[in-house]
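Taken together, the values in this text are just the output of simple stated rules run on the coordinates, not laboratory data. No experiment lies behind these values; they were computed from the predicted model shown. Every residue, glycine as well, gets a Cβ built from its backbone with ideal geometry; the counts of neighbours run over all protein chains shown.
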Amino acid sequence: MPVIARKTSGMRMNSIAPCGMNCYLCRALRPDKKTISACPGCRSDDEGKPEYCQICIIKNCEKMEKGGFKYCFSCDTYPCTRLKNLDKRYRTRYGMSMLENLESIKKNGIRHFIRTEKNKWICPECGETLIVHKPVCLKCGYTWLKQ
């Protein structure tokens, strides 16, 4: 039985993007030897973010800005085509659903969602937080996503 050292302490409410993406699980948030610093997450200033995050059409949605809401489920066009397409891509490629994440936040609240995410995204072999964009644990090589 492996010893699990929880490494999800950086996962916070502000690491959940309006679309339901848990930015703490993104490969851009974790610096490696090739990058100078980690992405600060969707809800932060654009400095240090990859370009695709800076120009994200969901993060920069005018309805979000005008409506002043935190999550897409508060929008009158939820789920919009943009969000449905993002959800389909993430479900297919990475085994994660933005729509399921948003529904969980809406139903149970953000604190409950964060607790669930902290448990869901821990490598069962070494306790490291998994990266949603990689099918294996970056620390021990455990394959968590069968492709």
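The fraction of all Cα pairs in the chain landing in successive 10 Å bins from 0 to the largest distance is 11, 40, 38, 11, 1, 0, given as whole percents. Taking the fewest neighbouring Cβ atoms within 10 Å as the starting point, the ordered list for ARG43, ARG111 is ARG111, ARG43.
In the structure shown, do any of LYS49/LYS139; LYS59/LYS118; LYS59/LYS139; LYS59/LYS84; LYS70/LYS107; LYS107/LYS146 have a Cα-Cα gap over 19 Å, and if so which?
Those over the limit are LYS49/LYS139; LYS59/LYS118; LYS59/LYS139; LYS107/LYS146.
When the Cα positions of VAL132, CYS19, LEU86 are compared along the charge dipole of the chain, VAL132 comes out farthest toward the positive end, with charges on each C-beta of Lys, Arg, Asp and Glu.
For LYS88, the aspartates and glutamates whose Cα comes closer than 14 Å to its Cα, not counting residues fewer than 8 places off in the same chain, are GLU100.
Overall, the chain carries a charge dipole of about 360 debye about its Cα centre when +1 sits on the Cβ of Lys and Arg and -1 on the Cβ of Asp and Glu, all other atoms neutral.
By the count of neighbouring beta-carbon atoms within 10 Å, fewest first, SER104, SER44 end up ordered SER44, SER104.
Taking Cβ separations below 4.7 Å as the criterion for a possible disulfide partner, the isolated cysteines in the chain are CYS19, CYS23, CYS26, CYS39, CYS42, CYS53, CYS56, CYS61, CYS72, CYS75, CYS80. Note on LYS66: aspartates and glutamates with a C-alpha under 15 Å away, same-chain residues under 8 apart excluded, are ASP76.
Neighbours of LYS146 by Cβ distance under 15 Å: Lys/Arg scored +1, Asp/Glu scored -1, total +3. Ordering TRP144, TRP121 from the fewest to the most neighbouring beta carbons within 10 Å gives TRP144, TRP121.
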